[in-house]
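The values are calculated or read from the model by the stated rules, or taken from the named source; none is laboratory data. It should be emphasised that the depicted structure is a prediction, and the values quoted were computed from it without experimental measurement. All Cβ positions, glycine included, derive from the backbone under ideal geometry; neighbour counts span all protein chains shown. In case anyone asks, the SASA skips ligands and DNA or RNA and just uses the protein heavy atoms, side chains included. Shrake-Rupley method; radii C 1.70, N 1.55, O 1.52, S 1.80 Å.
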Amino acid sequence: MTDATADRHALACGIAREAGALALGYFDERAALAVETKDTPQDVVSRADRAVEDLIRARIAAAFPADAILGEEGGASPGESGFGWVIDPIDGTMPFLSGLPHWCVAIAVTRAGETVAAATFAPVSGTLWEARIGAGTRRDGQPLSISGAPGLTGRMTAIGASHRTDPAHVGAVIGRLMAEGGVFYRNGSGAMMLAQVAEGALAGYYEPHMHPWDALGGLLMVSEAGGRTAPFDAGGGPVLAASPEAFASLTRIAAG
């Protein structure tokens, strides 16, 4: 008897690597990409985003045609199985277009509204972070645990922002973090930074608003690695995740 969640988790890891290889080809030829803006000049999309999402959708539909899909570029497709896929083909489009390595393919699998599996693949480094509910989080096959990690003063703390964010609020959060001896970090990919919290490289991550395709997989990774996460609205909202030692401090700093 097969495990429906495990089967989808394995597929998510495979798709993330395949989609990452496609995205890396576009990255190497990024000067030729046509780039468009969405809501603001800071919110951009390229032909690569759409092509990579099309590949991911095709692979999911071939393997699990009754599953729902929600993608950043293609929107929602209904399903009947109770499983859903939430995908960001290239999280960190601005770093991608700038020639920086801080971008990834992010895939999460949900069941009845709960995130049950995730895969985040960073093509430039070849790093795969992945998690399955009740089965832990791994980086390139190695189990991750952030229990016992230092608090805010022993690691960098990532603060995310976007065109949906009040600049004054973000500035105040960064100021409070620095006043308490923390070190501010941001690389442009929320999904990647959440995975880096799960591996203990970052003390925590806070962003006033994230979409589900950016956040769901990383939140599962942090939780399965022994970290703590604040409740997240699956329709989009604030994200806060940290090591157990840093969670209370980061929560207070974010709240002001």
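Every residue in segment 155-174 that is closer than 16 Å to residue 94 by Cα and surrounded by 17 or more Cβ atoms within 10 Å (Cβ to Cβ), please. Matches in segment 155-174: 160, 161, 162.
Look at residue 197 and say whether it is among the hydrophobic types (A, V, I, L, M, F, W, C) and surrounded by fewer than 24 Cβ atoms within 10 Å (Cβ to Cβ). Step through it out loud before you land on a result.
Details: among the hydrophobic types (A, V, I, L, M, F, W, C): yes; surrounded by fewer than 24 Cβ atoms within 10 Å (Cβ to Cβ): no.
No, not satisfied.
Which one of these does residue 222 not meet: (1) open to solvent by 40 Å² or more (accessible area, probe 1.4 Å); (2) β-branched (Val, Ile, Thr); (3) closer than 23 Å to residue 12 by Cα; (4) in contact (Cβ under 8 Å) with a residue 24 or more places away in the chain? Residue 222 satisfies all of (1) open to solvent by 40 Å² or more (accessible area, probe 1.4 Å); (2) β-branched (Val, Ile, Thr); (3) closer than 23 Å to residue 12 by Cα; (4) in contact (Cβ under 8 Å) with a residue 24 or more places away in the chain except (1). Do the conditions hold for residue 165, that is, is it in contact with a His (Cβ under 9 Å, 6 or more places away or on another chain) and without any contact (Cβ under 8 Å) to a residue 60 or more places away in the chain? When the stated conditions are applied, residue 165 passes them.
Provide a single number: the residues in segment 229-256 that are under 14 Å from residue 157 (Cβ atoms) and not aromatic (Phe, Trp, Tyr).
Just the residues of segment 229-256 that are under 14 Å from residue 157 (Cβ atoms), to begin with: 239-243, 245-254.
Keeping just the survivors that are not aromatic (Phe, Trp, Tyr) gives 239-243, 245-246, 248-254.
Adding up the residues that qualify gives 14.
Residue 145 fulfils the conditions (1) in contact with a Leu (Cβ under 8 Å, 6 or more places away or on another chain); (2) at pLDDT below 95; (3) not basic (Lys, Arg) except for a single criterion, (1). Against the list (1) charged (D, E, K, R); (2) part of a strand (DSSP E or B); (3) at pLDDT 95 or above, the condition residue 36 fails is (3).
Taking segment 58-103 as the region of interest, how many residues are in a helix (DSSP H, G or I), within 17 Å of residue 216 (Cβ to Cβ) and in contact with a Ser or Thr (Cβ under 8 Å, 6 or more places away or on another chain)? Can you show your working first?
Taking segment 58-103 first, the residues in a helix (DSSP H, G or I) are 58-63, 93-98.
Filter once more, keeping what is within 17 Å of residue 216 (Cβ to Cβ): 60.
Filter again for in contact with a Ser or Thr (Cβ under 8 Å, 6 or more places away or on another chain), leaving none.
Total satisfying the criteria: 0.
How many residues are open to solvent by 40 Å² or more (accessible area, probe 1.4 Å) and either among the aromatic types (Phe, Trp, Tyr) or not in a loop (DSSP other than H, G, I, E, B) (or both) when one looks only at segment 120-152? Final tally of qualifying residues: 5.
Taken together, the criteria exclude residue 179 from residues that are over 23 Å from residue 93 (Cβ atoms), in contact with a Pro (Cβ under 8 Å, 6 or more places away or on another chain) and among the aliphatic types (A, V, I, L, M). Residues in segment 66-79: is at least one of a type in the set (A, V, I, L, M), in contact (Cβ under 8 Å) with a residue 24 or more places away in the chain, open to solvent by less than 20 Å² (accessible area, probe 1.4 Å) and on the phi < 0 side of the Ramachandran plot? For segment 66-79, residues of a type in the set (A, V, I, L, M), in contact (Cβ under 8 Å) with a residue 24 or more places away in the chain, open to solvent by less than 20 Å² (accessible area, probe 1.4 Å) and on the phi < 0 side of the Ramachandran plot: absent. Could you grab me the full set of residues in segment 153-199 that are farther than 24 Å from residue 212 by Cα and either assigned to a loop (DSSP other than H, G, I, E, B) or among the hydroxyl-bearing types (Ser, Thr, Tyr) (or both)? Selection gives 153, 154, 155, 180, 181, 182.
Restricting to segment 39-55, give me the number of residues that are of a type in the set (A, V, I, L, M, F, W, C), within 22 Å of residue 188 (Cα to Cα) and at pLDDT 80 or above. Looking only at that region, the number is 3.
Using the structure shown, decide if residue 166 is more than 30 Å from residue 21 (Cβ to Cβ) and either within 15 Å of the chain's Cα centre (by Cα) or at pLDDT below 95 (or both). Criteria met by residue 166.
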